[in-house]
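The values are calculated or read from the model by the stated rules, or taken from the named source; none is laboratory data. Bear in mind that the values here come from a model prediction, so they are computed numbers and not experimental data. Cβ placement follows ideal geometry from the backbone for every residue including glycine, while neighbour counts extend to all protein chains displayed. Side chains are part of the model used for accessible areas, which takes the heavy atoms of the whole protein and leaves out ligands, DNA and RNA. Shrake-Rupley method; radii C 1.70, N 1.55, O 1.52, S 1.80 Å.
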2 protein chains.
Amino acid sequence: MGRQVRESLRRAVGEKAFFDSEADRFLYSYDTSSRKVLPDAVVRAENAEQIAALMAVATRHGIPVTPRGGGSGTTGGSVPVDGGVVLVMSGMNRILSVDMDNLVARAEPGVITGDFHRAVEAKGLFYPPDPASSAFCTLGGNLAECAGGPRAVKYGVTRDYVLGLEAVLPTGELIRTGVQTAKGVVGYDLTRLIVGSEGTLAVITSMNLKLLPLPESVKTLTVVFDEMARAAETVSEIIRRGLIPRTIEYMDQAAIVCAETRMPGELPVDAGAMLIIEVDGRKAEAIAMAEDVALLCQSMGAREVKVAASEDEAARLWAARKAISPALFRYGPHKINEDIVVPRSKIPDVVEKIRELKEKTRLMMVSFGHAGDGNIHFNIMLDKKDASALRRAHWAVEELFRFTLALGGTLSGEHGVGLSKQAYFDMEIGPEEKALMLRLKKAFDPAGILNPHKIF
Amino acid sequence: MGRQVRESLRRAVGEKAFFDSEADRFLYSYDTSSRKVLPDAVVRAENAEQIAALMAVATRHGIPVTPRGGGSGTTGGSVPVDGGVVLVMSGMNRILSVDMDNLVARAEPGVITGDFHRAVEAKGLFYPPDPASSAFCTLGGNLAECAGGPRAVKYGVTRDYVLGLEAVLPTGELIRTGVQTAKGVVGYDLTRLIVGSEGTLAVITSMNLKLLPLPESVKTLTVVFDEMARAAETVSEIIRRGLIPRTIEYMDQAAIVCAETRMPGELPVDAGAMLIIEVDGRKAEAIAMAEDVALLCQSMGAREVKVAASEDEAARLWAARKAISPALFRYGPHKINEDIVVPRSKIPDVVEKIRELKEKTRLMMVSFGHAGDGNIHFNIMLDKKDASALRRAHWAVEELFRFTLALGGTLSGEHGVGLSKQAYFDMEIGPEEKALMLRLKKAFDPAGILNPHKIF
């Protein structure tokens with residue numbers, strides 16, 4: 001980046017928001033994926049007008065801009081692979097309004113998701129999307145990736161809670177999309193096109209989010225099985241019976257061991273699998289449904305079914321569940337992690353396939369995730385310096401992807417494509433569909449400067 | 001349309017599917033809006049490959065193609081304003097699969113929505129979107145317009161139930177979008193961009209729809225008020241208390257009179273307003289919630305609160321509700337109908353505004369609709385040959401639109417823009433947003449042949 005361009009950018013965003021020291025650039029060179037690339041500069045966003053000015057200059061000079069929330073993405077979405085500017089959104093973190101009469105909130109993208117949960121829950125309201133990184137990820141990042149989380153079984157994903165956006169186009173125009181009402185169909189659905197576009201189409205500067213009344217009661221069940229296959233069949237059976245808990249999470253044995261580090265002595269580290277099932281609703285309904293689910297699990301051969309005795313116990317259980325991913329490194333210095341989705345009834349097939357891949361590759365594999373959605377977090381823990389192990393791991397991932405697609409599934413339920421799944425993108429998306437997506441990208445970003453080289 | 005082009009089109013789709021008699025052309029020249037334009041030809045679609053062949057020829061020769069479902073749209077979406085071909089989708093009406101294990105159905109676009117309801121309900125499943133025209137509208141049309149209906153309060157709109165599509169681009173390529181699983185985030189969200197695009201971006205040839213388990217129990221309440229304003233306040237209060245019935249419909253007095261023609265002697269034609277409220281869930285939950293709602297309505301000053309005694313009574317009530325729109329013509333030979341949406345707490349303001357407009361214009365106005373969503377169907381019944389009345393009507397519509405937008409609302413909750421709301425489009429959508437939408441249109445339809453002159 002030449003000196004003149006640098007000065008244009010600095011002038012556009014203001015002295016106070018522009019950083020280019022070695023330390024600042026290093027700080028924003030990586031996310032939760034394994035990639036790291038130094039940007040040329042960092043802009044700490046303060047408001048939409050400033051971002052508009054930045055984008056106009058960036059488009060004029062062809063400078064890549066990579067927006068960044070909490071940096072907790074797992075597929076490299078916020079890594080500035082082409083250098084240029086990292087646009088740090090975390091300073092725009094105000095909850096602008098929580099409208100209890102209309103069940104709508106307005107927020108800036110830098111709000112931490114967990115903070116937002118607490119803020120609306122304090123008013124008796126509920127925002128269901130709850131990615132495992134909720135303690136440090138941001139709403140803006142959640143929208144960019146269309147984050148999901150455990151409660152999607154009943155409540156859907158981030159996309160289902162976004163009513164409208166304010167966003168800046170790569171060319172610098174500030175746009176408003178969608179509505180702040182329960183319905184709205186005027187013009188094309190720009191809102192949901194931007195949601196899930198992995199920060200490649202526009203920079204979200206504020207959002208209108210739909211809220212629900214906070215459920216009166218939640219019951220949290222842990223269900224322990226000797227065998228993973230039996231747990232997988234139970235998940236399918238719950239859905240088949242028309243019971244829709246808000247959450248059906250599962251962990252295999254290796255994942256239970258990781259979770260147990262947060263609840264020493266309290267989790268069955270010898271079990272083949274564990275489910276965490278949450279039901280909610282009016283009090284009587286939650287109790288009745290918990291009973292139905294418990295009976296069904298017992299009839300399916302569960303070794304133990306337990307209802308959490310208190311909110312505190314349930315909270316500790318969730319803290320343990322959310323700690324699995326970082327705790328995996330006990331099994332190896334590097335992680336390859338995928339989040340395939342299959343039709344829910346096919347989970348037993350995937351479990352069997354994983355068992356087979358484990359046997360064939362002799363690699364450490366851990367799986368857990370949102371079984372109620374058919375969304376499986378599949379992890380291979382290895383030392384990437386071991387070339388043979390790495391080769392076997394890549395073979396296993398490709399095998400699993402092929403199997404997933406053959407079952408009618410998809411390669412990602414919530415992590416997105418970013419950098420790390422690009423090699424597999426064409427397995428799922430055909431050439432015509434890809435060409436169309438690239439034309440859409442061009443319609444938003446003619447100079448190709450917003451988060452370049454992601455997805456495609 | 002020249003003879004050579006006509007023969008190319010005929011060859012592309014096959015002799016049996018191509019019609020150009022005066023009668024056939026007349027039959028597909030209009031929909032439920034007041035516009036009528038003769039197409040040059042009619043194609044009765046049989047399969048996706050045929051549509052692909054048609055679109056390729058149409059793009060090559062610049063022939064407009066207007067897809068058509070049940071022709072029940074109210075904004076002119078299926079009127080072939082530029083002539084060319086009307087593509088009749090109603091023959092592609094197979095329900096391809098209903099997967100009870102995974103709560104997903106695959107269907108062709110010509111399936112009548114009501115037939116689809118019955119088919120999935122027979123298997124204990126539930127497809128919530130339920131436009132008033134469900135007896136004759138099609139799933140394809142519902143997707144094109146992002147139809148809503150009364151159950152959106154709890155269950156959302158059509159968009160929320162579309163997992164993936166097969167569609168033909170205006171240039172003739174067959175594409176697959178989205179997934180058949182509960183989650184999926186690989187690539188841009190083409191699915192929801194096509195949904196609600198009013199048939200201007202692609203021709204949907206099949207769809208994967210999300211289903212729910214059929215609720216165990218539904219309770220239907222009718223709540224009668226002396227004054228419309230009080231009914232409107234009650235709707236806001238229900239939402240404010242965090243009660244989310246699946247349906248909160250309202251009718252003003254003139255609408256009750258229309259509905260009563262289907263239930264003679266059973267509806268309170270002297271009342272200021274009536275609400276139809278439905279709650280659902282497990283049996284005990286539905287009963288408890290119906291009681292909560294009933295008590296709240298009484299405390300808000302309802303003159304009468306009644307729970308429908310049987311499923312049959314509830315069904316008759318809904319038949320009466322769905323008959324309002326066609327029955328309106330008792331009040332005048334022509335109808336101007338709008339479907340604005342406001343934040344739910346603003347319904348009392350809109351009710352007051354409508355009262356004021358009625359007084360100022362001395363026109364017959366009827367309002368009813370999905371109060372629980374803030375979605376109000378506002379109708380002016382008049383004789384359009386009366387130039388003064390027409391002028392006053394247009395003034396009133398513009399006034400109401402301005403008021404709606406000032407309240408944070410939108411001009412259409414479910415009917416779309418089509419032809420009839422184009423004059424008002426720029427009131428809601430800014431120039432940058434419109435320019436972006438037009439670039440997206442171009443990315444799908446470079447020759448501008450698919451349903452031209454709609455929306456914009």
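Numerical summary
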{"quantity": "Complete set of residues in region B:281-328 that are closer than 27 Å to B:Arg241 by Cα, out of contact with any strand residue (DSSP E or B) (no Cβ under 6 Å at 6 or more places or on another chain), away from chain A (no Cβ under 14 Å) and among the small types (Gly, Ala, Ser)", "calculated": "B:Ser299, B:Gly301, B:Ala309"}
{"quantity": "Test: residue in region B:395-414 that is without any contact (Cβ under 8 Å) to a residue 60 or more places away in the chain and either within 20 Å of B:Gly77 (Cα to Cα) or within 21 Å of the chain's Cα centre (by Cα) (or both)", "calculated": "yes"}
{"quantity": "Residue selected from region A:32-63 under the condition under 23 Å from the mean Cα position of the chain (by Cα), outside any strand (DSSP E or B) and modelled with pLDDT of 95 or more, by the criterion farthest from A:Gly2 (Cα to Cα)", "calculated": "A:Ala45"}
{"quantity": "In region A:145-162, residue nearest to the other protein chains (Cβ to nearest Cβ) [restricted to those that are open to solvent by 20 Å² or more (accessible area, probe 1.4 Å) and in contact (Cβ under 8 Å) with a residue 60 or more places away in the chain]", "calculated": "A:Glu145"}
{"quantity": "Qualifying positions in region B:111-127 - closer than 19 Å to B:Arg321 by Cα and open to solvent by less than 10 Å² (accessible area, probe 1.4 Å)", "calculated": "B:Thr113, B:Gly114"}
{"quantity": "Top-ranked residue in region B:186-215 [being open to solvent by 10 Å² or more (accessible area, probe 1.4 Å) and β-branched (Val, Ile, Thr); ranked as nearest to the other protein chains (Cβ to nearest Cβ)]", "calculated": "B:Val186"}
{"quantity": "Residue among B:Ile380, B:Ile376 that is away from chain A (no Cβ under 14 Å), surrounded by 21 or more Cβ atoms within 10 Å (Cβ to Cβ) and part of a strand (DSSP E or B)", "calculated": "B:Ile380"}
{"quantity": "Index of the failed condition, A:Gly172 passing every other in (1) in a helix (DSSP H, G or I); (2) more than 9 Å from every other protein chain (Cβ to nearest Cβ); (3) open to solvent by 10 Å² or more (accessible area, probe 1.4 Å)", "calculated": "(1)"}
{"quantity": "Of all residues making up region B:400-433, the number that are out of contact with any Asp or Glu (no Cβ under 7 Å at 6 or more places or on another chain), open to solvent by 30 Å² or more (accessible area, probe 1.4 Å) and within 11 Å of chain A (Cβ to nearest Cβ)", "calculated": "5"}
{"quantity": "Residue identified as part of a strand (DSSP E or B) and on the phi > 0 side of the Ramachandran plot among B:Gly369, B:Gly418, B:Gly408", "calculated": "B:Gly369"}
{"quantity": "Test: A:Ser310 is without any contact (Cβ under 8 Å) to a residue 24 or more places away in the chain and hydroxyl-bearing (Ser, Thr, Tyr)", "calculated": "yes"}
{"quantity": "Options B:Val179, B:Val153; residue that is of a type outside the set (Asp, Glu), in the same structural domain as B:Phe116 (by TED's automatic domain parsing) and within 19 Å of the chain's Cα centre (by Cα)", "calculated": "B:Val153"}
{"quantity": "Residue count for region A:216-237, restricted to those that are crowded, with 20+ Cβ neighbours inside 10 Å, more than 23 Å from the chain's Cα centre (by Cα) and at pLDDT 95 or above", "calculated": "8"}
{"quantity": "Count - residues of region B:75-89 that are crowded, with 23+ Cβ neighbours inside 10 Å and part of a loop (DSSP other than H, G, I, E, B)", "calculated": "8"}
{"quantity": "Residues of region A:243-256 satisfying the condition of being open to solvent by less than 30 Å² (accessible area, probe 1.4 Å) and without any contact (Cβ under 8 Å) to a residue 40 or more places away in the chain", "calculated": "A:Ile256"}
{"quantity": "Failed item in (1) outside any helix (DSSP H, G or I); (2) closer than 26 Å to B:Pro452 by Cβ; (3) touching a helix residue (DSSP H, G or I) at 6+ places or on another chain (Cβ under 7 Å), with B:Gly164 passing the rest", "calculated": "(2)"}
{"quantity": "Some residue of region B:199-210 being touching a Gly at 6+ places or on another chain (Cβ under 7 Å) and among the hydroxyl-bearing types (Ser, Thr, Tyr)", "calculated": "no"}
{"quantity": "Candidates A:Asp130, A:Asp99 - the one that is of a type in the set (D, E, K, R), open to solvent by 40 Å² or more (accessible area, probe 1.4 Å), closer than 28 Å to B:Leu243 by Cα and without any contact (Cβ under 8 Å) to a residue 60 or more places away in the chain", "calculated": "A:Asp99"}
{"quantity": "Subset of region A:328-347 [closer than 21 Å to A:Glu414 by Cα and part of a helix (DSSP H, G or I)]", "calculated": "A:Leu328, A:Arg344, A:Ser345, A:Lys346, A:Ile347"}
